[in-house]
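Read through the structure below, which is laid out as structure tokens, and then see the notes.
Read-outs: derived from the displayed coordinates by stated rules, not from any lab. Treat the numbers as computed from the prediction; the structure is a model and nothing was measured. Virtual Cβ from ideal backbone geometry, glycine too; neighbours counted across all protein chains shown.
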Amino acid sequence: MNRITGWGRAGRVSEKDHLIVEDLFAKNGVDTEINLCPLADPSAFQVLASRGYSVIGFINVYVRVLTDEDLKEAKVEGIVISRVPTERAQEFPSCSVAGYRDGGRAELLLKTLARSAVLRADTSLYIATVDGKVA
């Protein structure tokens with residue numbers, strides 16, 4: 001991917017931080033693109049403004065690791081939400097691509113992101129089924 005996400009979410013951002021980012025993008029021959037969350041540290045906005053950038057929109061993601069109790073709480077008949085077991089993890093990318101295919105992103109990108117999620121130790125995978133079929 002050729003953008004930065006989570007900019008300023010871990011704390012203050014300095015001018016030096018931003019120069020490093022611009023250099024990285026320039027070395028790779030792509031425009032600098034930073035996705036900001038409205039909850040980013042105010043320094044992120046200040047540094048970007050001082051460098052001539054403007055905010056054209058925000059992107060944010062809310063994350064919640066589901067507990068065993070959460071997984072039992074589906075209140076709609078026929079819906080089951082479960083963790084993807086290790087032995088079925090390789091099925092996740094195709095399910096993910098099928099679910100996001102109509103969003104306009106390239107299928108190769110979707111598959112790459114899903115494969116990355118499977119390999120990451122800090123990612124929890126879940127699957128929802130309706131009457132036994134992947135939703």
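Looking at the chain alone, DSSP beta bridges between its own residues are antiparallel in about 80 percent of cases.
Taking Cα atoms only, the orientation of helix 15-27 departs from the longest principal axis of the chain by about 70 degrees. In plain terms, the chain from Ile59 to Ile4 could stretch by 18.7 nm, reckoned as 0.36 nm per residue minus the Cα-Cα distance.
For the stretch 4-50, the Cβ-based charge dipole about the Cα centre amounts to some 160 debye (Lys, Arg positive; Asp, Glu negative; other atoms uncharged). The stretch 89-135 and the stretch 1-29 have Cα centres lying 28 Å from one another. Distance between the modelled labels on Asp68 and Glu87, one decimal in nanometres: 2.0 nm (7 Å Cα→Cβ projection). Quick one: pull the percentage of alpha-carbon pairs in the stretch 68-134 with a separation above 19 Å. Considering the stretch 68-134, 39 percent of its Cα-Cα pairs are separated by more than 19 Å. A simple count of charges around Tyr126, restricted to other residues whose Cβ falls under 15 Å of its Cβ and scoring Lys, Arg +1 and Asp, Glu -1, yields -1.
Taking the square roots of 5 times each eigenvalue of the Cα gyration tensor of the stretch 4-50, largest first, gives ellipsoid semi-axes of 18, 11, 8 Å.
Positive contributions from Lys and Arg (+1) and negative ones from Asp and Glu (-1), summed over other residues with Cβ under 11 Å from the Cβ of Pro93, come out at 0.
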